[in-house]
Amino acid sequence: MFSHHYIETSWNASCNLCSPIYHKTVVNYEQEEELVCYLKYSAQRNHGLSPIEIRRLVYTFARANNLKYPESWVKNECAGPDWYTGFMKRHQRLSLRQPEATSLTRAAGCNYVVVHRFQQQFQQVMAVKRFPAHRMFNGDETRTPTVLSPIKVVAERGVKQVMQTTSAERGQNVTMLAFCNAAGGYIPPIFLFPLKKENPNSLRGCNEGSLGWFNGSGWMDGENFLKSMQHFQKHVKSCESDPVLLMVDNHASHLDYAVVKYCNENYITLLTFPPHCSHVLQPEDVGIYGPFKNYFAAEQQEWLRTHPGQRITIHHIAELSRKPSLRAFSPINIVSSFEKTGIYPFKEFLPDDVRFIPSIVTELPPGRTIHYFFILHFLNFFRNLI
């Protein structure tokens, strides 16, 4: 009686399990590796290629190098979909991703020089005050509209259109402001409604301790951010012996004179991130608001499913954002976000960091940079004369 182990060992030793069938590809292995490197290079610089662009590129390469390729490539002026499918299977390091829209200003503005200058300022502040993790806060606003893009759903294969009910064609926006610290702490959020008069129904079902402001537009301004700072101070109780550090972006409402004065009087050190760098330096942007938006969209879809014929209004936003905010602002998420941005524990970014690769596209040679600053200096001098 033979054991299973003996049979398996004998079979593997005597049989070649590799497939004898070999399909010759138009582009050889070395050339495909070069293509993979180029695709990664382009994606890192915010100029990734779509599948049809890759197929056109391969056809152009094959024609320029006199390679043998199917006649269908000539007719369509691009490689076939079968080649693309095989290419993606052969190189599983690659995947088809939905890119996040990034403006040219943001891509160019987030460079090593700007980020390094901010990190130097941050180190100078820490050298003087030495804030512990639970006294280092980040505050930021995000949009919580009544209509979001539906999440993916399961439907029959081959159906051309899959529809999902939303509350309206275009929704109203409610701004949510939240504060969190490097130790994983979280302050109840503030909602800014596009209403001129206070409505008690707007905060129904919200997080315990949340507040609502009403200014008619739903967007943050200096007056409401000052009230938000008073809400912040109520929770952190900053004083001379136990000050706090608050990091925010450089929106005009955050730099309002009354806000800066209030922070100075209450021992709150206000540190602003450089323009167009929040996606790299701001913890809430990096690791919290992304998951929050996904959870919030799912919560809206679930509400519409359980309330057929009804629509989501701005008075439902605080209630619908309660569970998503508790999930997104979990201690592990917050701590991880501060770590990714290099704020706590502090980590200085190097010049070759992948975060700065998109800015390489718009970098100027040293001579042109000097000339550019000379032009700015000349214009400022001319303006003073006028």
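Among the residues of region 326-360, just one is outside any helix (DSSP H, G or I), in contact with a helix residue (DSSP H, G or I) (Cβ under 6 Å, 6 or more places away or on another chain) and polar (S, T, N, Q), namely 341.
For region 41-70, a residue qualifies if it is farther than 23 Å from residue 94 by Cα and either loosely packed, with under 15 Cβ neighbours inside 10 Å or not hydroxyl-bearing (Ser, Thr, Tyr) (or both), and the qualifying residues are 63, 64, 65, 66, 67, 68, 70. Quick one: would you say residue 69 is modelled with pLDDT of 90 or more and more than 30 Å from residue 276 (Cβ to Cβ)? Judged against the criteria, residue 69 is not a match. Within region 242-298, being hydrophobic (A, V, I, L, M, F, W, C), over 21 Å from residue 347 (Cβ atoms) and not in a strand (DSSP E or B) holds for 252, 255, 258, 259, 260, 263, 292, 296, 297, 298. Scanning region 246-291 for residues that are among the acidic types (Asp, Glu), in contact (Cβ under 8 Å) with a residue 24 or more places away in the chain and over 27 Å from residue 359 (Cβ atoms) yields a single hit, 256.
Of the set (1) free of Cβ contacts under 8 Å to residues at least 60 places away in the same chain; (2) of a type in the set (A, V, I, L, M, F, W, C); (3) surrounded by fewer than 19 Cβ atoms within 10 Å (Cβ to Cβ), all apply to residue 125 but (1). Put simply, of 252, 258 the only residue that is modelled with pLDDT under 90 and out of contact with any Ser or Thr (no Cβ under 6 Å at 6 or more places or on another chain) is 252. Residues 149, 95: which one is touching a residue at least 24 places away in the same chain (Cβ under 8 Å), surrounded by fewer than 13 Cβ atoms within 10 Å (Cβ to Cβ) and among the polar types (S, T, N, Q)? Every option except 149 fails the conditions.
Could you count how many residues in region 116-138 are in contact with a Cys (Cβ under 8 Å, 6 or more places away or on another chain) and among the small types (Gly, Ala, Ser)? Qualifying residue count, region 116-138: 0. Among the listed residues 323, 293, which satisfies the condition of being in contact with a helix residue (DSSP H, G or I) (Cβ under 7 Å, 6 or more places away or on another chain) and at pLDDT 90 or above? On inspection, the qualifying residue turns out to be 323. Checked against (1) in a helix (DSSP H, G or I); (2) surrounded by 15 or more Cβ atoms within 10 Å (Cβ to Cβ); (3) in contact with a strand residue (DSSP E or B) (Cβ under 8 Å, 6 or more places away or on another chain), residue 134 passes all but condition (2). Once region 38-68 is narrowed to residues that are free of Cβ contacts under 8 Å to residues at least 12 places away in the same chain and part of a loop (DSSP other than H, G, I, E, B), the residue that is nearest to residue 85 (Cα to Cα) is 50. Taken as a whole, the condition of being surrounded by 20 or more Cβ atoms within 10 Å (Cβ to Cβ), under 30 Å from residue 149 (Cα atoms), among the hydroxyl-bearing types (Ser, Thr, Tyr) and more than 22 Å from the chain's Cα centre (by Cα) applies to residue 202. Within region 334-367, being of a type in the set (S, T, N, Q) and either at pLDDT below 90 or crowded, with 20+ Cβ neighbours inside 10 Å (or both) holds for 337, 341, 359, 362. Name the residue that is nearest to residue 175 (Cα to Cα), counting only residues in region 287-305 that are touching a Phe, Trp or Tyr at 6+ places or on another chain (Cβ under 9 Å) and not small (Gly, Ala, Ser). That would be 292. Any chance region 337-347 includes a residue that's without any contact (Cβ under 8 Å) to a residue 12 or more places away in the chain and under 15 Å from residue 180 (Cα atoms)? The answer is yes; a qualifying residue exists. Among residues of region 191-207 that are at positive phi, none has a Cβ under 9 angstrom from a residue that is part of a loop (DSSP other than H, G, I, E, B) and among the small types (Gly, Ala, Ser) at a sequence gap of 6+ or on a separate chain. When residue 269 is tested against (1) surrounded by 15 or more Cβ atoms within 10 Å (Cβ to Cβ); (2) touching a Ser or Thr at 6+ places or on another chain (Cβ under 7 Å); (3) not acidic (Asp, Glu), only condition (2) is not met. Of the residues in region 76-92, at least one is free of Cβ contacts under 8 Å to residues at least 40 places away in the same chain, within 30 Å of residue 293 (Cβ to Cβ) and outside any helix (DSSP H, G or I).
The values are calculated or read from the model by the stated rules, or taken from the named source; none is laboratory data. Bear in mind the structure is a predicted one, so any value in this text is a computation, not a measurement. Every residue, glycine as well, gets a Cβ built from its backbone with ideal geometry; the counts of neighbours run over all protein chains shown.
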